[in-house]
Every structure is written in structure tokens, then in C-alpha cells.
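Participant: Have a look at this one before I ask anything.
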Protein chains: 2
Amino acid sequence: MVERSAHLDAVFHALADPTRRAMLGQLAERELTIGELATPFHMSFAGASKHVRVLENAGLVKRTIRGRTHLCRLEAARLAEADAWLKRYERFWNTNLDRLEALLRAEDEAKARK
Amino acid sequence: MVERSAHLDAVFHALADPTRRAMLGQLAERELTIGELATPFHMSFAGASKHVRVLENAGLVKRTIRGRTHLCRLEAARLAEADAWLKRYERFWNTNLDRLEALLRAEDEAKARK
DNA sequence: GGATCGTTCAACCATGTGGTTTACTATAGT
DNA sequence: ACTATAGTAAACCACATGGTTGAACGATCC
């Protein structure tokens, strides 16, 4: 009965840590190496490495090894999954969006009927 | 430098567990007591109670005690915060939105230049 | 009052977490 | 060849997690 999704488990868990969210924020601007990710958080390489692995396991980051440096880039598809999950609850908080959706749907139907 | 948000920490952590996500799913349909929440997961009352507390601490559930039963209802505002955070990454997965943004920006600039 | 129901509390267990330090591998620069 | 650099691996720490059980508390029913 439990809605099982290892993806969502991993993604939400990865996002539950502020350091990791900040890392994603950095990666949204440009690709970064582990070292570049570690520096702003005055954290050891090994610490940053662990965080990156968590992000990687959640599918939020892809790594390409070039020489001795590991370049990390954001991979947002799994964020889309999380977003899709949240969307199911949108009606509970966003009445404006409800109206917008209704409006758009009405327009589409009008167009389809034209 | 770390983007600090205890709210987001708590919300994402609460969502990282499939049992809790399922509980929210149940609560999206109707208010439920702790016992009603516990039953479908063949889990002890105390276990369910702990999960509910996590959801409560994250602000995702509000509890009203009536007599000896505790009624839980979904409180989606904090989900909206999580959604807002995710929105910042929407352009990475939604190329349609990319184009829309580019279009709007171009219009704005044209207007500013007029 | 006594039994029962819904729930929490406290203790416990195994495991996971975020973080460190030290040691190691592998690439790069001189 | 020597050394410095980028990163991982492993061991460790203090603490949180998800789960259990058993006792306790408060409200309800007879």
C-alpha cells in the first residue's frame, strides 16, 4: 500500500540537506569540480565528495572524470519527478493556479471546438 | 554561504520517506486519525505516531485533538515552499518554459527600449 | 469504579547520517 | 624521478532514524 519510489526517496533525501541544495544552486550556474564544490562550505574534500555521491545516487548530478579532476553537472530530470509528485498537491495551496488552469483548459477546448 | 532554510530541510526530509508520502496521499482525500493512518501500513500505533510527528514538525500536517482521538489534516503551504524551490530549476528540464522565458524577456526588453 | 480505547512516552535496537582524519591512488607539473 | 594536486577509501565519532515493545495517561463506556 506504500507508494514505493526509490527515486523519490533518494531525491527528497538529497534535497533535505542545505549543503546539497546549495551545491545544486552552484551547479545550476556552471559545471564544477569536487574541489570547487567543497571550497565555499569550508568542508573537507572527503565531506564534499560524500555529498556529491548522495546527489549522484539520487540522479541529480552526473560526473565526468577528466584527468584527475571530476567535473559535476546538474541533471534535473529527477527534480522534475519530485516536482510532478508535488503537483498532485498543488490544488491544496494555489487557488490562483486553479483558476489559471481552468482558464487555459477553457481556451484549449474553445480552440478544439473552433 | 549555505542557503539556510530549516523549513525546506524539514519538508524535504519528511517527504523522503515513502510511508510519510503515502500518509500525505491519504490525508489529501480526507482527515484521518493516527489509528486510521497506521492501519494500512501494518505498523504499530507508536510507529505511525512518530511519522505523524515528523510531518507535523515539517508543518505538513495539523492535528486537532478531539476527545481521545487525534485528527490529522493536510497543511499544504509548506509543500508550496518546496515547490517554489524546485521551480528555480524548472528551466533545466522544461525547454518549453525556456523558450517562453526567452520570449517574455525579449518582449520586456523591446518594451524597455521603445 | 473498572474496563477499554486512542495515543503518547520511554527504552531499546540496528542502521544511516554528516562530519572528521589518515592513508591511498592517480594525474600533472617541473 | 620528485613533488604537488584531485579525489576516493576506510575507519571512526556523535547523533538521528525507522522500527519495535511495554508501560502510562486521559477520555469514553458500561
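Participant: Name the residues in the stretch A:68-88 that are farther than 24 Å from B:Ala22 by Cα and open to solvent by 30 Å² or more (accessible area, probe 1.4 Å), would you?
Facilitator: Listed by number, the residues that qualify are A:Arg68, A:Thr69, A:His70, A:Leu71, A:Arg73, A:Glu75.
Participant: Applying the selection to the stretch A:17-28, what residues are under 11 Å from the mean Cα position of the chain (by Cα) and at the interface with another protein chain (Cβ under 7 Å from one of its Cβ atoms)?
Facilitator: Scanning the stretch A:17-28 gives A:Arg21, A:Gly25, A:Ala28.
Participant: Same structure, new question: Considering only residues that are among the β-branched types (Val, Ile, Thr) and within 17 Å of A:Pro18 (Cα to Cα), which ones fall in the stretch A:45-67?
Facilitator: So in the stretch A:45-67, the residues among the β-branched types (Val, Ile, Thr) come out as A:52, A:54, A:61, A:64-65.
Of everything in the stretch A:45-67, those that are among the β-branched types (Val, Ile, Thr) and within 17 Å of A:Pro18 (Cα to Cα) turn out to be A:Val52, A:Val54, A:Val61.
Participant: Right, something else. Assuming B:Leu71 fulfils every condition listed in (1) modelled with pLDDT under 95; (2) part of a strand (DSSP E or B) apart from one, which condition is it?
Facilitator: The failed condition is (1).
Participant: Which condition number in (1) open to solvent by less than 40 Å² (accessible area, probe 1.4 Å); (2) within 9 Å of DNA strand C (Cβ to nearest atom) is the one that B:Lys50 fails?
Facilitator: (1)
Participant: Could you grab me the full set of residues in the stretch B:46-65 that are within 7 Å of DNA strand D (Cβ to nearest atom) and away from chain A (no Cβ under 14 Å)?
Facilitator: Passing the criteria: B:Ala46, B:Lys50.
Participant: Now for a different question. Among B:Glu36, B:Glu90, B:Glu31, which is over 14 Å from the mean Cα position of the chain (by Cα) and more than 16 Å from DNA strand C (Cβ to nearest atom)?
Facilitator: Of the residues listed, the single one that is over 14 Å from the mean Cα position of the chain (by Cα) and more than 16 Å from DNA strand C (Cβ to nearest atom) is B:Glu90.
The values are calculated or read from the model by the stated rules, or taken from the named source; none is laboratory data. Owing to the predicted nature of the structure, the values given are computational and were not obtained by experimental measurement. No Cβ is skipped: glycine too gets one built from the backbone with ideal geometry, and neighbour counts run over all protein chains shown. Keep in mind that these areas ignore ligands, DNA and RNA; they rest on the heavy atoms of the full protein, side chains included. Shrake-Rupley method; radii C 1.70, N 1.55, O 1.52, S 1.80 Å.
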